[in-house]
1. Roll a 1.4 angstrom probe over the protein heavy atoms and tell me the percent of accessible area of the chain that is carbon or sulfur.
2. Relative to the longest principal Cα axis of the chain, at what angle does helix 66-75 sit, 0 to 90 degrees, rounded to 10?
3. GNM on the chain, C-alpha springs below 10 Å: top fluctuator among VAL125, VAL55, VAL83?
4. Accessible area per residue of segment 17-73 at 1.4 Å probe, in Å²?
5. Which of TYR4, PHE31, THR18 sits farthest toward the positive end of the charge dipole of segment 2-42, with +1 on the Cβ of Lys and Arg and -1 on the Cβ of Asp and Glu?
6. Only bridges with both residues in segment 1-101 count here: give the DSSP antiparallel percent, nearest 5.
7. What spacing in nm lies between the two simple spin-label points modelled at GLU86 and MET1, each 7 Å away from Cα in the Cβ direction?
8. Would you compute, from DSSP H runs of 4+ residues alone, the mean residue ellipticity of the chain at 222 nm, taking -39500 (n - 2.57) per run and dividing by the full residue count, rounded to the nearest 500?
Amino acid sequence: MNVYVILKQTFDTEETITIQDGRISEDGVKFVINPYDEYAVEEAIRIKEQEGGLVVAVSVGPQRSAEALRTALAMGADEAVLVCDERIPADEYSISSVLSAYFAGQSYDLILGGNFSVDNGAGQVAIRLAGLLGIPHASSIT
């Protein structure tokens, strides 16, 4: 079974967030794998242990997102993919469109993602991705 996990790198939830010139400052901030996406990685690994197959972690974001992917690999994911291009806007529509283009060339059985990201809380990427791929989607599972 090929299980893919879409994930995002976010601020560590224990970090103090500061605003400079109307934007969130990233100076000296620790970034981690989004906690809800970390749960998705754990579930993918459980599925792999039961069913066999492959776990692939996929992220669209800045180069620093490679650290979150390395965390997924350390947890037990088999492969990691980073789509990094400064021209990709960080909004949910753009991210889901890029992921849709990536998944069009992949053989997947299941795509998992976290409930929402702790930085903006929109929870739209997985829903939009499923719509673009024409596959069923279930959300907010606990």
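1. Working: 3900 of 8220 Å².
Percent of accessible area from carbon and sulfur atoms in the chain: 47.
2. Around 40 degrees separate the two axes.
3. For the chain, modelled as a Gaussian network with Cα springs under 10 Å, the answer is VAL83.
4. Details: 3320 Å² over 57 residues.
Using a 1.4 Å probe on heavy atoms only, each residue of segment 17-73 averages 58 Å².
5. Value: TYR4.
6. On the way: 5 of 15 bridges.
The antiparallel fraction comes to roughly 35 percent.
7. 4.2
8. On the way: 4 runs with 48 residues, N = 142.
That calculation yields -10500 deg cm²/dmol at 222 nm.
The values are calculated or read from the model by the stated rules, or taken from the named source; none is laboratory data. Bear in mind that the values here come from a model prediction, so they are computed numbers and not experimental data. As a convention, Cβ positions derive from the backbone with ideal geometry for all residues, glycine included, and neighbour counts pool all protein chains shown. Surface accessibility is based on the protein's heavy atoms, side chains included, excluding ligands, DNA and RNA. Shrake-Rupley method; radii C 1.70, N 1.55, O 1.52, S 1.80 Å.
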